[in-house]
Amino acid sequence: MIIAANFKTNHTRKSTKEFIKELDYFLRLHDIDDTVVIFPPNTAYDNFDTDIKLGAQNAYHVEKGSFTGEIGLEQLNEFGIKTILIGHSERRHILGETQELISKKFKFFSKNGFEIIYCIGEPKEIREQGIEAVMEYLWKQFDNIDINYDRLIVAYEPVWAIGTGLTATVTQIDETLNLLRDRIKAPLLYGGSVKVANIKEILTIRNCNGVLVGTASWEIKSFCDMISISKTL
Ligand code: PEP
């Protein structure tokens, strides 16, 4: 299983360091073989004394240059970061990233050998129209994306379930992941208000290969509890 934590705009450099130290201790103590990935804020990147995989929440599709406020490949290389989130709904819907920009990022970071967690998800009004509308919407989010890229992981994250406390039902997740699986060979994650209380039922869904967790990952105890539950499955 893949268990990924998206810190978004939370945690400082100091608290990230403490989090990773505690997490590293927990993973060793319990001999966890799940793949755990942490996406801290950029300011918290460091050369941590751990094997835990660190990823970038976002980066611009350049090695370096004049792109105020962005970071590029050079800054990620400094910390050995080779995993990136692309297409997260907050970047699509709040920061205004278009499919064109997203596909440029995908091309650049795949060419540079990154593991890419590629996020897709439909807004509420599309979900309300039924599964056909949902799939039509989701497939459009693969425009100019190489679904056969060998370091691809796809995260299905319904927009209406992210950070809202609303989780898609097991039936909705199961149906959507099954339909994605028809065309996508890559591991499939679910994200959207995953927490201690629901991770077990989500991880037992047939085509679910892991979870991308926001809010419930920010507190070390809750994140470790979710990893413990995953271990029992
Ligand atoms: C996310 O940011 O990818 C996410 C799933 O957030 P949350 O768990 O808070 O819904």
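This table checks each residue for (1) part of a loop (DSSP other than H, G, I, E, B); (2) within 14 Å of the ligand (Cβ to nearest atom); (3) hydroxyl-bearing (Ser, Thr, Tyr).
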site: Asn10; (1), (2), (3): yes, yes, no
site: Glu18; (1), (2), (3): no, no, no
site: Glu22; (1), (2), (3): no, no, no
site: Leu27; (1), (2), (3): no, no, no
site: Ile38; (1), (2), (3): no, yes, no
site: Asp51; (1), (2), (3): yes, no, no
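For the subset of the range 174-193 comprising residues that are closer than 12 Å to Leu138 by Cα and within 16 Å of the ligand (Cβ to nearest atom), which member is surrounded by the fewest Cβ atoms within 10 Å (Cβ to Cβ)?
Leu177
When you scan the range 66-81, do you find a residue that is in contact with a helix residue (DSSP H, G or I) (Cβ under 7 Å, 6 or more places away or on another chain), over 22 Å from Ile145 (Cα atoms) and among the acidic types (Asp, Glu), even just one?
The answer is no; no qualifying residue exists.
Can you tell me which condition Ala155 does not meet? The list is (1) farther than 30 Å from Asp49 by Cβ; (2) within 16 Å of the ligand (Cβ to nearest atom); (3) surrounded by 20 or more Cβ atoms within 10 Å (Cβ to Cβ); (4) hydrophobic (A, V, I, L, M, F, W, C), and all the others hold.
Unmet for Ala155, out of (1) farther than 30 Å from Asp49 by Cβ; (2) within 16 Å of the ligand (Cβ to nearest atom); (3) surrounded by 20 or more Cβ atoms within 10 Å (Cβ to Cβ); (4) hydrophobic (A, V, I, L, M, F, W, C): (1).
Kindly state which helices (runs of 4 or more DSSP H) lie completely within the range 58-111 and contain at least 1 residues that are without any contact (Cβ under 8 Å) to a residue 12 or more places away in the chain and over 17 Å from the mean Cα position of the chain (by Cα).
Fully inside the range 58-111 and qualifying: 73-77, 99-111.
Could you say whether any residue in the range 48-68 is modelled with pLDDT under 95, among the acidic types (Asp, Glu) and within 23 Å of Glu219 (Cα to Cα)?
Yes - at least one qualifying residue is present in the range 48-68.
Evaluate the following for Glu100: is it within 24 Å of Thr83 (Cβ to Cβ) and touching a Cys at 6+ places or on another chain (Cβ under 7 Å)? Before you say what the answer is, go through the steps one by one.
Details: within 24 Å of Thr83 (Cβ to Cβ): yes; touching a Cys at 6+ places or on another chain (Cβ under 7 Å): no.
For Glu100, the condition - within 24 Å of Thr83 (Cβ to Cβ) and touching a Cys at 6+ places or on another chain (Cβ under 7 Å) - is not met.
Need the failing condition index for Leu54 against (1) among the hydrophobic types (A, V, I, L, M, F, W, C); (2) surrounded by fewer than 18 Cβ atoms within 10 Å (Cβ to Cβ); (3) touching a residue at least 12 places away in the same chain (Cβ under 8 Å), just the number.
(2)
The values are calculated or read from the model by the stated rules, or taken from the named source; none is laboratory data. All values derive from a computational prediction rather than experimental measurement. No Cβ is skipped: glycine too gets one built from the backbone with ideal geometry, and neighbour counts run over all protein chains shown.
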